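Encoded as structure tokens, the structure appears first; notes follow it.
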Amino acid sequence: MIRVTFLGNDGKVATAPENSNLLRVSLREKGGIPFKCGGGLCGTCKCRIEQGIENTDAVKAKERKHLTEAELAEGRRLACQTFLLGDVSVSW
Ligand code: FES
């Protein structure tokens, strides 16, 4: 199991199986990451991986439509397009 810390929700901590989708963990555990489409289209779930960016999977083409290279470099992702390979802390 991996740990997800929702910094935008008073540091609430949830656990989930490896390879879980970040937005799905947030929905299941009431983590609070905003969302609308759930499918990489609206950009509402834009968030920042403050710790553990190395524990996320590769950036998707859909994410590049909403995030600049500079944003990606500072750990921003779309939660609905991000899968977790290890512990992360996320803000939004
Ligand atoms: S919820 Fe719309 S892009 Fe993630």
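Only the coordinates and a few stated rules stand behind these numbers; no lab work does. If you're wondering where the values come from, they're calculated on a predicted model, not measured in any experiment. Note that each Cβ is placed from the backbone with ideal geometry, even for glycine, and that neighbours are counted across all protein chains shown.
Taking the centroid of alpha carbons for each part, the range 1-59 and the range 64-92 are 9 Å apart. Peptides 4-17, 58-71 ranked from most to least packed, by the mean per-residue count of other Cβ atoms within 10 Å: 4-17, 58-71. Placing +1 on the Cβ of every Lys and Arg and -1 on the Cβ of every Asp and Glu, with no other charges, gives the chain a dipole of roughly 440 debye about its Cα centre. In sequence order, the range 16-30 has phi-based couplings of 7, x, 4, 6, 6, 7, 4, 5, 5, 4, 4, 5, 5, 9, 6 Hz under the Karplus curve 6.51 cos²θ - 1.76 cosθ + 1.60, θ = phi - 60°, and Gly or Pro positions carry x. In a simple Cβ point-charge model (Lys, Arg +1; Asp, Glu -1; nothing else charged), the range 11-57 has a dipole of about 320 debye relative to its Cα centre. Find how much the distance from Lys65 to Arg3 grows on full extension, using 0.36 nm per residue of separation minus their present alpha carbon separation; answer in nm with one decimal. Taking Lys65 through Arg3 to full extension adds about 19.5 nm, to one decimal. Using the Karplus relation 6.51 cos²θ - 1.76 cosθ + 1.60 with θ = phi - 60°, the per-residue 3J(HN,Hα) values for the range 77-92 come to 9, 9, 4, 6, 10, 10, 10, 10, 9, x, 5, 9, 10, 10, 10, 7 Hz, with x marking Gly and Pro.
Note on Lys36 and Leu85: their simple-model spin labels are 3.2 nm apart, each label 7 Å out from Cα toward Cβ. Modelled spin-label separation between Glu74 and Glu50, with each label point placed 7 Å from Cα along the Cα-to-Cβ direction: 1.4 nm. Peptides 45-53, 76-84 ranked from most to least packed by the mean count of surrounding Cβ atoms within 10 Å: 76-84, 45-53.
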